[in-house]
Amino acid sequence: MKFLAITLIVHAPDPVTRVRKSTHDRFREVIDNALLAEELGFDGFGVGERHERPFISSSPPVVLSHLAALTSRIRLFTAVTTLSLLDPVRAYEDYATLDHLSEGRLELIIGKGNGAAQRELYHVTAEDQWERNAESYELFRQIWRNDKVTASPAFRGELKDAEVWPRPYQRPVRVWHGSATSRESVDLAARYGDPLFSANVTNPIEPYAELVRHYRERWEHYGHDPALATVGAGSAGFCTARTSQEAVAAYRPVFEGQLAFQKRLGLEPVFPTLEDFVARSSALIGSPQQVIEKVHRYHEQFGHSVLHLHADASGLTPARHRASLELFQAEIAPTLRRDLPDPPWTWGPVAPADGTTDDAGAPARTDPSASGTASGTDDTAAPAPTPR
């Protein structure tokens with residue numbers, strides 16, 4: 001199993017102290033958390049994309065490019081790239097550039113995104129967001145793989161023998177599909193033979209497990225090898241300590257602050273008590289053995305090979321958050337790495353297949369296990385955008 005630390009770069013008051021950091025200090029915290037994740041041995045660090053308050057994660061390519069310059073090993077994820085809102089040509093340019101700057105450490109998790117405010121900002125409707133997401137991904141995928149692209153999409157201008165630069169470092173980049181509540185993203189991932197990342201943070205396990213089962217069914221429907229279907233999963237919160245009592249006591253002020261915030265917004269909490277949250281959510285709160293057992297229980301339902309933890313302290317003191325992450329890497333991760341499988345591909349930048357070069361003179365790179373090629377498919381396996 002592989003482990004990511006992910007931040008959505010929430011810029012809100014601390015749920016315990018009610019103090020909100022400055023924008024500058026919040027970005028500095030993201031940088032420090034990424035450096036800590038690499039120091040402790042995490043396999044990846046993810047940055048979300050949101051275009052509405054209370055988030056300041058509107059530009060993940062910029063943040064990840066800065067992190068690429070400060071790190072050397074850890075893989076850099078988007079969590080998620082909101083392709084339903086973006087021009088896929090421009091998104092390609094940003095991420096192909098980042099792919100080179102990071103020397104092939106980039107992986108994308110894409111999704112339509114959530115929130116009415118950001119849809120209004122980008123003039124996207126609830127009715128067309130899924131269609132935009134699929135079309136943008138199809139075009140993004142074509143551009144990444146082909147030196148020239150001709151397409152007549154519905155939601156942007158026509159492309160005719162278009163060349164988009166720079167050509168990428170990885171051929172191709174791996175793309176995961178973020179899944180929270182809908183079958184559309186699940187079906188899109190299965191159709192292209194791409195991995196799925198379950199949000200798995202808001203509700204009990206059942207609705208997420210149902211979507212994962214649907215993904216595996218659709219994966220086989222589209223003719224892919226069942227052994228290569230790959231799932232990642234999130235976690236709703238994290239705090240581990242030597243004893244469960246210590247972990248729960250440390251997390252209680254965080255939960256109570258979050259509960260109070262939900263009530264101020266008039267939201268009905270899914271988990272009304274901390275004990276219910278620990279028992280029925282995906283939160284990993286307890287002793288190392290309890291965390292290991294809970295991940296195993298979720299693995300029985302998901303069969304996931306990648307797990308994300310919160311990169312942010314989210315109300316814990318910095319010292320407690322660091323101690324939890326250190327304990328995770330010292331006593332939890334080694335057991336889970338031994339007991340649970342890795343994704344069915346090499347975890348790292350795509351290496352040159354041979355000495356050939358692309359049209360720009362860079363080494364031609366292929367990876368038969370990367371996005372959409374895990375089952376031997378290629379760009380002809382799914383339709384390109386067509387005139388409407």
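The values are calculated or read from the model by the stated rules, or taken from the named source; none is laboratory data. Please read all numbers here as calculations on a predicted model, not as lab measurements. Cβ placement follows ideal geometry from the backbone for every residue including glycine, while neighbour counts extend to all protein chains displayed. Keep in mind that these areas ignore ligands, DNA and RNA; they rest on the heavy atoms of the full protein, side chains included. Shrake-Rupley method; radii C 1.70, N 1.55, O 1.52, S 1.80 Å.
Before moving on, here are some points about what is shown:
- Were the residues from K21 through R183 laid out at 0.36 nm apart, the gain over their Cα-Cα distance would be 54.6 nm.
- Here is how the number arises for the chain: DSSP H runs of 4 or more residues each give -39500 (n - 2.57), the sum is divided by the residue count, and the result at 222 nm is -12500 deg cm²/dmol.
- Computed extension gain for D32 through A162, at 0.36 nm per residue and net of the alpha carbon distance, reaches 42.8 nm.
- Percent of Cα pairs exceeding the 32 Å cut-off, where the set is the chain: 31 percent
- Nearest-20 debye value, region 101-232 charge dipole, Cβ charges on Lys, Arg, Asp, Glu: 320 debye
- Electrostatic dipole magnitude of region 27-168 [Cβ: Lys, Arg +1; Asp, Glu -1; Cα centre; debye, to 20]: 20 debye
- Rounded to whole Hz, the Karplus (6.51, -1.76, 1.60) HN-Hα couplings of region 63-77, x for glycine and proline: 4, 5, 5, 5, 5, 4, 6, 9, 10, 9, 10, 5, 7, 10, 10
- The alpha carbon centroids of region 79-142 and region 209-279 are separated by 25 Å.
- Normalised contact order of the chain, rounded percent, pairs of Cα under 8 Å and 6 or more residues apart: 20 percent
- Residue-count net charge about T240 - beta-carbon cut-off 13 Å; Lys, Arg +1, Asp, Glu -1: 0
- Tensor-based shape of region 103-207 (alpha-carbon gyration tensor, a/c under 1.5 rounded, otherwise prolate or oblate): oblate
- Between T81 and I109, I110, G111, the built amide H atoms are under 5 Å apart, and every one of these is 5 or more places off in sequence or on another chain.
- Using a probe of 1.4 Å on the protein chains alone, the accessible area found for R171 is around 50 Å².
- Heavy atoms of the protein chains alone define the surface here; on that basis region 1-121 has 39 Å² accessible area per residue at 1.4 Å probe size.
- Proximal lysine pairs, the chain, alpha carbons under 25 Å, eight or more residues apart or interchain: 4
- Rounded, prolate or oblate (a/c below 1.5 giving rounded, otherwise prolate when a/b exceeds b/c) for region 152-237 by Cα gyration tensor: prolate
- Here the peptides 224-233, 314-323, 191-200 are ranked by packing, the mean other Cβ count within 10 Å, and the order with the highest first is 191-200, 224-233, 314-323.
- Three-way shape call for region 5-62 based on the alpha-carbon gyration tensor, with the a/c threshold at 1.5: oblate
- Globularity index of region 141-284 is 1.44 (Cα radius of gyration / 2.2 N^0.38 Å, N = number of residues).
- Net charge of Cβ neighbours under 12 Å - reference E210; Lys, Arg +1; Asp, Glu -1: +1
- With Cα atoms, 0 to 90° folded angle of helix 244-264 axis to the chain main axis: 70 degrees
- Probing with 1.4 Å while keeping every protein chain in the model, the per residue accessible area of region 178-220 equals 37 Å².
- Counting 0.36 nm for each residue step from D276 to R338 and taking away their Cα separation leaves a gain of 19.4 nm.
- In percent, rounded to a whole number, the relative contact order of region 173-235 is 37, using alpha-carbon pairs under 8 Å and six or more apart.
- Carbon/sulfur fraction of accessible area - the chain, other protein chains in place, 1.4 Å, %: 53 percent
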